[in-house]
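Report on one structure; see the data block that follows.
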There are 2 protein chains.
Amino acid sequence: MKFASFTRGGGGVAVGVVDVARGEVLGLAAAAARGGRGAPAFFASMLALIDGGDAALAAAREEAARWPAEAAFALKDVRILAPLPEPRSLRDCLVFEQHLVNAQKQWEAMTGRPPAPIPEAWYQRPGYYKGNRFSVVGPDVDVRWPSYSELMDFELELACVIGKPGRDIAPEDALSHVFGFTIFNDFSARDMQVVERPLGMGAAKSKDFDTGNALGPWIVTTDEIGDPQALRMEARVNGERWGGGTSADMHHSFAAIVSFVSRDETLRGGEVIASGTVPTGCGLELGRFLNPGDVVELEIERIGVLRNRIVRPQRGGN
Amino acid sequence: MKFASFTRGGGGVAVGVVDVARGEVLGLAAAAARGGRGAPAFFASMLALIDGGDAALAAAREEAARWPAEAAFALKDVRILAPLPEPRSLRDCLVFEQHLVNAQKQWEAMTGRPPAPIPEAWYQRPGYYKGNRFSVVGPDVDVRWPSYSELMDFELELACVIGKPGRDIAPEDALSHVFGFTIFNDFSARDMQVVERPLGMGAAKSKDFDTGNALGPWIVTTDEIGDPQALRMEARVNGERWGGGTSADMHHSFAAIVSFVSRDETLRGGEVIASGTVPTGCGLELGRFLNPGDVVELEIERIGVLRNRIVRPQRGGN
């Protein structure tokens, strides 16, 4: 199933199942409430649905099978929001080797410092930093160019959303803890990243600014995604293909990543873990950067398209 | 005021005002509810109190002035919990120059790699990474030694808790956005840190494990703390002084840090931002590490003592 968060007219945020072929989204609470039985609490939000576990998924599947017309709305008549507007956390890995190689060449061109060899540790375990879970926006939301940057970029990433909580999860069990997958556009201020990299503390203000993390358009459940390590990915700017690749090139699989992160640490439902950038899935690797008004479309097979425009506020304005 | 989260007998988590001289904590909801008027929602949790803003603070001050005996309990009869069991976020800076110098010498001894000079960027703006907000424990909770580490350490840090939300906060306004200050013990797996440092993504599993972030014993409000840049800090292990210093040595003040972090980014109440380690405020700088069963006491002037024991679970056990 594809789960979306959406609003309609002036209404609140609803959770729905998307049927792309039909061009519709089914509001789960509305579907369950027809007949006056009231909607179960786990249809109240995406986090509630995730926390509702197998029972919530089964109930959603039942409503989707019925697809009552009075709770179904054309996708063009609703606004699709970030599927998880406030993830419980947002981890971002860096597990595509060629992205690292390509990016290091560009850092060298920008700073004059030769690239360090990829450390052996990179091959042995996934690294990650944590992003700002409050900066999440959904599809078609304008991303705000931060005032301190002149060099803005996007990053094409595949992200998993944890479902069933767990600790010390074995790699072979890890995907059973994943609720589903979505697209992540990790907007990045490259000039701030040049400043931050020598600090060795990971990305901070280069990634942390309001609206800087786009997620969506919806979450595709693990059973529907098929093999998450075999998805084509493509990035377009103003309709022009800039780059892309496949999740098959992840040196550490999502199963390995989830297992590693959960060592001695309890993962919660609604935590998001992203892959890092697919090779050529950002402007940096190509020596190209965004201009104000550019529209970035990220497409991942079996999920869909995440589209965002970047806008540059006037100085002193909002 | 000093605000604590506490439990008593089998009861739920309450928010209280601590009077150290009296040796008592006043339960705010219980104090407000006596007389049958019911307790305001902002006394339901520390986050609710913080979100309640000036009105909540004024109401708490009023209850503390009355100090009704039937809502006051001896500190020895309650269990003090982490003041914020789930901060909205947990940022950790590194703003003490001498800590960086001392630590780099030890990294050199451990890895054979000579220390890099401190980058100019370090002096110009604070760097930070984000910790795991779910791994927070309070005073006197046993911290669990992660299975993947042989070299465990503590870190003595001063932390601020954001109160009033804001974005693009000027340094001169920044402390008015700080609800208060508490002590942070950032337990660290140094051998994992050796592995992670070359990745350049900041601390990950070296800091991320259940129970690894101790906060407490309570939050001292900004008006009571006086000058947050003039607090003596001391670390003791099993009663022996290992090191300490003063927050006066922070190269970037809390005002500067809060202002910097808020650039183009909205800070929420209940977000925690820590200073990083005071020089000699961890074992690494001294070439010493923790042993299972060690009791770490961190003391900061005007706040109190945060005490935690580190325990090493048997392999295969819980």
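Within the listed set A:Val305, A:Val13, A:Val161, the residue fluctuating most in the Gaussian network model of chain A (springs between alpha-carbon atoms under 10 angstrom) is A:Val13.
Seen against the Cα atoms of chain A and their longest principal axis, helix A:97-111 is set at about 50 degrees.
Given Cα pairs under 8 Å that are at least 6 residues apart, what percent is the relative contact order of the range A:69-139? Write out the running numbers ahead of the final one.
Working: 54 pairs, mean separation 38.3, N = 71.
Relative contact order, the range A:69-139: 54 percent.
For the range A:178-318, the Stokes-Einstein estimate of translational diffusion at 20 °C and a viscosity of 1.002 mPa s comes to 129 µm²/s, using the Kirkwood hydrodynamic radius over alpha-carbon pairs.
Apolar share of the accessible surface for the protein assembly as shown: 50 percent from carbon plus sulfur atoms, 1.4 Å probe. Interface residues of the range A:173-220, defined as those with an accessible-area decrease of at least 10 Å² between the chain by itself and the complete set of protein chains (probe 1.4 Å), are A:Met192, A:Val195, A:Pro198, A:Leu199, A:Gly200, A:Met201, A:Gly202, A:Ala204, A:Lys205, A:Asp208, A:Phe209, A:Asp210. Taking K and R as +1 and D and E as -1, what net charge do the other residues with C-beta under 14 Å from the C-beta of A:Lys164 add up to? It works out to a net charge of -3.
Based on Cα coordinates alone, diagonalise the gyration tensor for chain B, multiply each eigenvalue by 5, take square roots, and list the semi-axes in whole Å, largest first.
Values: eigenvalues 222, 106, 53 Å².
Result for chain B: semi-axes of 33, 23, 16 Å.
Between A:Asp173 and B:Glu150, the simple label model (points 7 Å from Cα in the Cβ direction) yields a spacing of 2.8 nm.
In order along the range A:75-81, the Karplus-derived 3J(HN,Hα) couplings, from 6.51 cos²θ - 1.76 cosθ + 1.60 at θ = phi - 60°, round to 4, 6, 9, 10, 10, 7, 9 Hz, and Gly and Pro are given as x. Over the range A:1-138, Cα pairs under 8 Å with separation of 6+ residues give a relative contact order of 24 percent.
All other residues with a Cβ under 11 Å from the Cβ of B:Asp51 taken together, and with Lys, Arg as +1 and Asp, Glu as -1, what is their net charge?
Numbers: positive: B:Arg88, B:Lys164, B:Arg268; negative: none.
Around B:Asp51, the charge tally is +3.
Taking trypsin sites (Lys or Arg not before Pro) that fall in a DSSP loop and have at most 12 other Cβ atoms within 10 Å as cut points, what is the longest piece of chain B between them? Don't jump to the answer; show the numbers that get you there.
Details: sites that count: B:Arg22, B:Arg37, B:Arg315.
For trypsin sites (Lys or Arg not before Pro) (loop position, at most 12 other Cβ atoms within 10 Å), the longest site-free span of chain B is B:38-314.
Please state the shape class of the range B:1-154: rounded when a/c is under 1.5, otherwise prolate if a/b exceeds b/c and oblate if not, all from the C-alpha gyration tensor. Could the numbers behind the result be given before it?
Numbers: a/c = 3.03, a/b = 2.21, b/c = 1.38.
In terms of gyration-tensor shape, prolate.
Where only protein heavy atoms count, and the probe is 1.4 Å, what is the accessible area per residue for the range A:1-141 in Å²?
Working: 6170 Å² over 141 residues.
Each residue of the range A:1-141 exposes 44 Å² on average to a 1.4 Å probe.
With just the Cα atoms defining each centre, how far is the range B:234-255 from the range B:37-61? Give it in Å. Using only Cα atoms, the two centres lie 32 Å from each other.
Please give the Cα centre distance for the range A:67-83 versus the range A:113-178, rounded to the nearest Å. When both Cα centres are located, 29 Å separates them. Taking GluC sites (Glu not before Pro) as exposed when DSSP calls them loop and at most 16 other C-beta atoms lie within 10 angstrom, chain B has its longest site-free stretch at B:151-300. Electrostatic tally near B:Val95: other residues with Cβ closer than 11 Å to its Cβ, Lys and Arg +1, Asp and Glu -1, net -3. Averaging over all projection directions, the Cα-based convex hull of the range A:159-211 occupies 5.4 nm² in the image plane.
For chain B, the longest principal axis of the C-alpha atoms and the axis of helix B:53-66 are separated by about 60°.
Over the C-alpha trace of the protein assembly as shown, radius of gyration and Dmax come out as 24.7, 72 angstrom. Chains A and B together bury some 4000 Å² of accessible area, summed over both sides, with a 1.4 Å probe.
Our helix-only sum for the protein assembly as shown, with -39,500 (n - 2.57) per DSSP H run of n ≥ 4 divided by its residues, gives a mean residue ellipticity at 222 nm of -5500 deg cm²/dmol.
Expressed as a rounded percentage, what relative contact order does chain B have, with Cα pairs under 8 Å and six or more residues apart?
Numbers: 757 pairs, mean separation 73.2, N = 318.
The value is 23 percent.
The values are calculated or read from the model by the stated rules, or taken from the named source; none is laboratory data. A quick note: this is a predicted structure, and the numbers were derived from the prediction, not measured. Because the Cβ atoms are built from the backbone with ideal geometry, glycine has one as well, and the counts that use them run over all protein chains shown. Calculation scope for accessible area: heavy atoms of the full protein, side chains included, ligands and nucleic acids excluded. Shrake-Rupley method; radii C 1.70, N 1.55, O 1.52, S 1.80 Å.
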